[in-house]
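*Asks:* One structure coming up, written as structure tokens, with questions to follow.
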Amino acid sequence: MAEQPRLATLDSTIVDRLPPYSKLLFDAKTKRGLTFESIAKELGRSEVAVAAIFYGQAQASAQDIEKLANILGLKDVVETSMNVIPDRGRAGPMPPVEPLIYRLYEIVQNYGYAFKAVLNEKFGDGIMSAIAFSSKVEKEVDNDGVT
């Protein structure tokens with residue numbers, strides 16, 4: 001018998017700070033047994049970007065919204081409620097002052113729950129170790145030449 005995928009669910013401690021559609025998306029995702037990775041493949045986006053959309057921390061394009069509506073079976077609800085500006089940076093009451101640390105803190109604020117959800121799906125419940133943490137920093141230029 002195939003192993004069931006781990007599914008990230010909505011963090012109930014922050015639900016009151018999220019857009020109303022977040023709960024709908026998470027409930028439909030869970031009901032259909034979908035992972036962020038499987039949804040990301042359908043959208044052609046990264047799984048962290050998809051999780052950030054679920055948390056209202058990333059902008060969903062009209063195409064993303066249409067695809068999500070079909071994938072999750074929420075056509076009428078999703079298309080009318082998701083066309084909003086993302087609400088980022090409400091994870092903590094005060095930002096650090098040092099510029100580089102502030103930018104790292106900004107990453108956690110904007111994508112922390114998205115990363116946690118993806119990590120939980122991939123590895124289960126646990127705490128990621130900063131000691132064994134690695135990252136790669138690259139310059140990215142979009143189609144308009146903006147970095």
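The values are calculated or read from the model by the stated rules, or taken from the named source; none is laboratory data. Computed from a prediction, not measured in an experiment: that's the story for all the values here. In this analysis, Cβ positions are derived from the backbone assuming ideal geometry, glycine residues included, and neighbour counts consider all displayed protein chains. Note: accessible area is taken over every heavy atom of the protein model, side chains too, but ligands, DNA and RNA are not part of it. Shrake-Rupley method; radii C 1.70, N 1.55, O 1.52, S 1.80 Å.
*Asks:* In square nanometres and to one decimal, what's the mean projected area of the convex hull around the Cα atoms of the chain? All intermediate terms of the calculation are to be shown ahead of the outcome.
*Replies:* Details: hull surface 43.8 nm².
Mean projected area for the chain: 10.9 nm², to one decimal.
*Asks:* Further question on the same structure: Which whole-number value in Å² is the accessible area per residue of the chain, probe 1.4 Å?
*Replies:* So the chain comes to 68 Å² accessible per residue, rounded to a whole number.
*Asks:* Round to the nearest 0.05 the FRET efficiency obtained for residue 125 and residue 100 when R0 = 35 Å and r is the Cβ-Cβ distance.
*Replies:* 0.70
*Asks:* Expressed as a whole percentage, what fraction of the accessible surface of the range 1-128 belongs to carbon and sulfur atoms when a 1.4 Å probe is rolled over the protein heavy atoms? Working shown, then result.
*Replies:* Values: 4560 of 7880 Å².
That fraction is 58 percent.
*Asks:* Okay, moving on. So what is the calculated 222 nm ellipticity per residue for the chain, using -39500 (n - 2.57) for each DSSP H run with n of 4 or more, over all residues, to the nearest 500 deg cm²/dmol?
*Replies:* Computed mean residue ellipticity for the chain: -15000 deg cm²/dmol.
*Asks:* Let me ask something additional. Expressed in nm to one decimal, what extension gain is obtained for the pair residue 37 and residue 84 from 0.36 nm per residue of sequence separation less their Cα-Cα distance?
*Replies:* 14.6 nm
*Asks:* Where Lys and Arg each count +1 and Asp and Glu each count -1, what net charge lies around residue 38 among other residues with Cβ under 13 Å from its Cβ? Present the calculation step by step, with values, prior to reporting the outcome.
*Replies:* On the way: positive: 6, 29, 32, 41, 45, 67, 122; negative: 37, 42, 47, 121.
With Lys, Arg at +1 and Asp, Glu at -1, the net is +3.
*Asks:* Tell me the net charge near residue 119. Cut-off is 14 Å between Cβ atoms, residue 119 excluded, with +1 for each Lys or Arg and -1 for each Asp or Glu.
*Replies:* Neighbour charge sum, excluding residue 119 itself: -2.
*Asks:* What is the distance, in nm, between label points placed 7 Å from the Cα along the Cα-to-Cβ direction at residue 14 and at residue 59?
*Replies:* According to this spin-label approximation, the distance is 2.1 nm.
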